[in-house]
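The structure appears below as structure tokens.
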Amino acid sequence: MAEKSTPLLAVLQLLRKYNLKGTEEILRKEASLGDVEYETLNLPEVEIASILTAHHTESDPYSYEFAYESLKKFIESSLDVYKYELSTLLYPVFVHMYLLLIIYDHNEHAAKFLEKFGPEQEDYYQDDLAKLCIVKHKDQIKFNELAQIYSTNKFEVQLSRDVSSQLKRFLQEQKSSTVIINIINNHIQIDVHDGPGRNQAQVRATAGGLLGEATRNENRAKVYYGLLKEPEIEVFPVPAEDEEEAEETPDKPKKKKAKKENMYMKKPKSDPNAPPIDRIPLPELKETDKIEKVKALRAKRVPLGPDCLPSICFYTLLNSGHSAICADICDDSTLLAVGFSNSIIKVWTLTPVRLRGMKSADKLQDIDKEAGDVLVRMMEERDRDTCRTLYGHSGPVYKVGFDLFKTMLLSCSEDSTIRLWSLHVWTCLVVYRGHTWPVWDVKWSPHGHYFASCGHDRSARLWATDSYQSLRLFTGHFSDVDCVQFHPNSNYIATGSSDRTVRMWDCLTGSQVRVMSGHKSTVFTLAFSVCGRWLVSGGTVGDILVWDISNGSLTAALPPSHTGPIHALAFSRNGTILSSGSLDCTIKLWDFTQITEETVNDETGSTTSVPKDEKYLLRSFATKNSPIKSLHFTRRNLLLGVGTYEGSS
């Protein structure tokens, strides 16, 4: 009975009171009300009168404007300690008043109401209102995506206990507040928190989500944000590259050539915040993969910081201004992949070593399968080129990504598929189908084997290379999921969406563990810090936010420097420098160490210690006219950028 409309129950009881059995029976059948529910119907007379009066008030078009203006005057006349939190109620009340006017066929009043109070709403809601104003008749509500979202979900508002008491007092005193009370009861979820009311900066920092702020309860789950203890790798032969380096630096060969050297002794103690090593089953490393890991650790890394900024090498794609969509550089910085709008993928070599194809089937039969260099023997000696083209998608390719050991490449497309390509035979191995609409992003797990995808169907998915079906389905966003990123320990993924929220998901359980609101625009790119505790997100208006995933709070909003959408974020290998690339044709370097140190030292418990000055921006680099598609730090901390030249502006 609780699911039935309250005005309907009041009308039924009124019909029973006046013994109008015929009408009562017809209404009961239409409402599908059972005998048990009907017999337990016993609303007090006062409540029936109140419900029917409220229903009459809601059908009066003039009551909405009067009620909204009275709420607005109450908020404006409140003390500052109450005003800013109360102001977050104005937008959801305004939206639902507009929809109610449409539902009651007061279309002209709805248009005037929108015209009068629409421009007063926050600037980051104006795009939503532009989509909502298309609804001119109640039959159009079910076809409008935004109207459906607001009708079927509750808008989240955070108020302190004192502010909540002030609101209740106002609603009790005002005769015109029946409409507002019904909207709050049916469409707004008020999360009451202890402590003082928030100031304007604190409220604005976490506002902006399609359905309001993230509630505190949603961020209480424990997150293992520490790094996994790496397995011990003992390699006896020293790779040829390292021997050459050893000759140039005679003081280091002893350390490099030590037998049974444990390459992971830099971190003897396991991270207390790390998940159990067997929480997520991870693949065992092959011998070739172990050698590749050792090479990565032995690379002479430049210690970057404010006094030692990285050099930047920028790769420009010519004659592809509007056709090259995405790019990626492999971990050892030897290969570059680019996805194009004509559904092809191109892979270039960035070193003098050319790309080789595989020998024919007849020649492969003569190869010794047990040989240690079997992969080298399988490759054709003469068939070499600087570029390979991959065909298979039937729509624009939105994202490409190399695996850790550059043996495979992932791509996703408008054709709603994900493809796994072999970089040995240069052909597609698997087509993954699961998404029902275009797939916007795909990312490899840092440990290989797993990958995550997201798309227009408002979902993200977890996959494994040994299964053609997804392992996990992550749903909860209210709009497109535009970007996805794996946590360094492979136990979590983060997603950014057009609903202007960032969420984190547990790969083991598939549950949502963090919801973070604060972006005022679509979230286009994500990057986890090297240590695993911080998450950085970039939006379409050039906003960059830093989140502390240990508690889901906003750590910093970097000063607005970019004037275009952020399409690339990358951390230096030691995690001290954050680089951001934008469609405004600039790359900017940020002092990430200072941002996190100030947060760790701040013990005030404030959830928004948002910096306002420019001290975190170390340097800005402008290209001639090339929007940034991708950023990548090499193992030696050289920053590589990729962009498409769009001609002279």
Q: Can you tell me the order of 286-294, 504-512 when each peptide is scored by its average per-residue count of other Cβ atoms within 10 angstrom, highest first?
A: 504-512, 286-294
(Q) Please compute the length gained on full extension between Ser550 and Lys131, using 0.36 nm multiplied by the number of residues separating them and subtracting their Cα-Cα distance. (A) 147.3 nm
Q.
Quick one: the Cα spread of segment 440-573 along its three principal axes, in angstroms, biggest first?
A. 43, 32, 24
**Q.** Gyration tensor (alpha-carbon) shape descriptor, segment 44-198, a/c threshold 1.5
**A.** oblate
Q: Calculate, for Lys116 and Gln365, the FRET efficiency according to 1/(1 + (r/R0)^6) with r their C-beta to C-beta distance and R0 60 Å; round to the nearest 0.05.
A: 0.15
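Every number here is computed from the coordinates shown, using simple stated rules; none is lab data. Keep in mind that what you see is a predicted model, and the values were worked out from it rather than measured. As a convention, Cβ positions derive from the backbone with ideal geometry for all residues, glycine included, and neighbour counts pool all protein chains shown.
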